[in-house]
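**Student:** Here it is: the structure, laid out below.
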Amino acid sequence: MNRIEIRELTKDHGTHRVVDHLSFDVLPGRVTGFLGPNGAGKSTTMRLILGLDRPTSGTATIAGSRFTDLRSPLHQVGALLDPQAAHSGRRARDHLLALAVSNGIPPARVDAVLEQTGIAAVARRRTGTFSLGMRQRLGIAAALLGDPGVLLLDEPTNGLDPEGIIWIRELMRGLAAEGRTVFVSSHLMAESASFVDHLVVLGQGKLLADTSMEEFIDARSTPRVRLRTSEPARLGAALARDGLEMVAAEEGRWTVEGIRAERVGALAAQEGIAVLELSDERASLEQAYLELTADRTPFSATAA
């Protein structure tokens, strides 16, 4: 199975511990978001998975093997860590062709990923003339080249325009739906919330969370309902019997803390009260993330 397994993974740089006894799995069939403040150890962890750094202790394996032991790495693992990796004097197609030849991948696959990533029209241009977004697409094309079962992507939306962001979001979802393992590091909370199914969160090298997106947010949210009714007095009295209070909000709406919309709807129906609008409110991924990592952020600015 194309799963990434991290066991007691530790990396020291001198006296500084960058990654501290991490243990978690990244499973196929879902997009796993890899979050954490600057300096949390995310990039180092990805480098350790890909054999670019050696761990001080612990293991990182893909389908049961270390990356350096894989016979055909590009066929099994695709990675985007640095969009500037392509030599600036080399043409885009030649960059991919060199990777393909070294891994026994047919040239036709090069043309296929150039089309898939939307840069076929500039395939003969030297990468030094590319914008950041074009280099990002080239890096993604390289990651897809071997049609791998495991993808590791570090900030894949960086430099992309709105169309590109939508494209990469749908691409990651589609790859996960095919049963692949998709592991994505990002600082963009709102964007991550639009495509991530599961979260792994680091802080100062330690594992802070390994849970589904929904569970992560719910654990850091107080249940709250927003509603509109033609009989606020009656509904307020019914809720008060359960120790709940309706608080006036904007444009004739009300909020109620400590309850879910399903329960309010059932109570209103029981009392014969018309409810015109009813919805649950919950914290955003950004709010939940900031609450968790507030004391694990080594670099933070102060207000002017």
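**Student:** Between Val247, Val225, which is assigned to a strand (DSSP E or B), in contact (Cβ under 8 Å) with a residue 40 or more places away in the chain and either over 20 Å from the mean Cα position of the chain (by Cα) or within 26 Å of Gln287 (Cβ to Cβ) (or both)?
**Tutor:** So the residue among Val247, Val225 that is assigned to a strand (DSSP E or B), in contact (Cβ under 8 Å) with a residue 40 or more places away in the chain and either over 20 Å from the mean Cα position of the chain (by Cα) or within 26 Å of Gln287 (Cβ to Cβ) (or both) is Val225.
**Student:** Considering each residue of the range 91-112, count those that are in contact (Cβ under 8 Å) with a residue 40 or more places away in the chain, part of a helix (DSSP H, G or I) and under 25 Å from Thr68 (Cβ atoms), and give that number. Even if it seems obvious, please write down each step before you answer.
**Tutor:** We begin by selecting, within the range 91-112, every residue in contact (Cβ under 8 Å) with a residue 40 or more places away in the chain; these are 92, 95-96, 99-100, 103, 105.
Still in the list and also part of a helix (DSSP H, G or I): 92, 95-96, 99-100.
Now narrow it down to the ones that are under 25 Å from Thr68 (Cβ atoms): 95-96, 99-100.
Summing the residues that are in contact (Cβ under 8 Å) with a residue 40 or more places away in the chain, part of a helix (DSSP H, G or I) and under 25 Å from Thr68 (Cβ atoms) in the range 91-112 gives 4.
**Student:** Which members of the range 113-146 meet the condition of being more than 21 Å from Met172 (Cβ to Cβ) and either in contact (Cβ under 8 Å) with a residue 24 or more places away in the chain or in contact with a strand residue (DSSP E or B) (Cβ under 9 Å, 6 or more places away or on another chain) (or both)?
**Tutor:** Val122, Ala123, Arg124, Arg125, Arg126, Thr127, Gly128, Phe130, Ser131
**Student:** Could you tell me whether any residue of the range 258-275 is in a strand (DSSP E or B) and over 30 Å from Ser43 (Cβ atoms)?
**Tutor:** yes
**Student:** Oh, and also: Quick one: which helices (runs of 4 or more DSSP H) sit completely within the range 117-200 and have at least 2 residues that are at pLDDT below 95 and closer than 20 Å to Pro37 by Cα?
**Tutor:** Result: 189-192.
**Student:** From the list Ala249, Ala238, pick out the single residue that is loosely packed, with under 15 Cβ neighbours inside 10 Å, of a type in the set (A, V, I, L, M, F, W, C) and over 30 Å from Ser43 (Cα atoms). Let's see the steps before the verdict.
**Tutor:** Details: Ala238 fails: loosely packed, with under 15 Cβ neighbours inside 10 Å.
None of the other options fit; the residue is Ala249.
**Student:** Could you check how many residues of the range 33-88 are part of a helix (DSSP H, G or I), touching a residue at least 24 places away in the same chain (Cβ under 8 Å) and over 18 Å from the mean Cα position of the chain (by Cα)?
**Tutor:** Final tally of qualifying residues: 5.
**Student:** Still on this model: Could you look through the range 201-222, keep only residues that are part of a strand (DSSP E or B) and not hydrophobic (A, V, I, L, M, F, W, C), and pick out the one that is nearest to Asp280 (Cα to Cα)?
**Tutor:** In the first step, residues of the range 201-222 are kept if they are part of a strand (DSSP E or B); the result is 201-203, 206-212.
Then keep just the ones that are not hydrophobic (A, V, I, L, M, F, W, C); that gives 203, 206, 210-212.
Values: Gly203: 30, Lys206: 33, Asp210: 25, Thr211: 21, Ser212: 19 Å.
Top of the filtered list is Ser212.
**Student:** While we're looking at this one, here's another question. Hey, Leu160 hits all of (1) in contact with a Gly (Cβ under 7 Å, 6 or more places away or on another chain); (2) buried (at least 19 other Cβ atoms within 10 Å of the Cβ); (3) touching a residue at least 40 places away in the same chain (Cβ under 8 Å); (4) hydrophobic (A, V, I, L, M, F, W, C) but one; which does it fall short on?
**Tutor:** Going through (1) in contact with a Gly (Cβ under 7 Å, 6 or more places away or on another chain); (2) buried (at least 19 other Cβ atoms within 10 Å of the Cβ); (3) touching a residue at least 40 places away in the same chain (Cβ under 8 Å); (4) hydrophobic (A, V, I, L, M, F, W, C) one by one, Leu160 breaks only (3).
The values are calculated or read from the model by the stated rules, or taken from the named source; none is laboratory data. Quick caveat, the model's predicted, so the values are computed rather than measured. All Cβ positions, even for glycine, are placed from backbone atoms using ideal geometry, and neighbour counts span all protein chains on display.
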